[in-house]
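Written below as structure tokens is the structure these notes are about.
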Amino acid sequence: MTPIPDSVFWSATLALGLGTFLIRFSFLGLIGGRPMPGWAMRLLRYVPTAVLPALVAPLIAWPAAAGGQIDPARLAGAAAALMVGAFSGRMLGAVVAGMGALYAAQALMG
């Protein structure tokens, strides 16, 4: 593998950094000082609730640690976390219950 010249590396790094800054500035810098419309605020309220399951679901359904096969221990942990979260409404309780159920199921199943 041939090394990348320093000038190319630093040019690409600066270009990517500037691109990232401009993407963030386009939203935060240009709109940040003004109040957002009510409809946008209502929609943005649901972003964290939608992002977390989107990140976690593939890890439960197709875990790389299990070779892409469904793992009963992970399903047990997800079910415990879902039940505790749905009934108590507490995120920390759901995380602790899910981790406890996952580790207990892994210990029982070997």
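The values are calculated or read from the model by the stated rules, or taken from the named source; none is laboratory data. For clarity, every value in this text was computed on a predicted model and none was experimentally measured. Reconstructed Cβ throughout: ideal geometry from the backbone, glycine too, with neighbour counts over all protein chains shown.
Candidates ILE60, ILE4, ILE70: the one that is of a type in the set (A, V, I, L, M), assigned to a loop (DSSP other than H, G, I, E, B), within 25 Å of GLY110 (Cβ to Cβ) and at pLDDT below 95 is ILE70. The listed residues are ALA50, ALA12, and the only one of them that is under 30 Å from GLY98 (Cβ atoms) and part of a helix (DSSP H, G or I) turns out to be ALA50.
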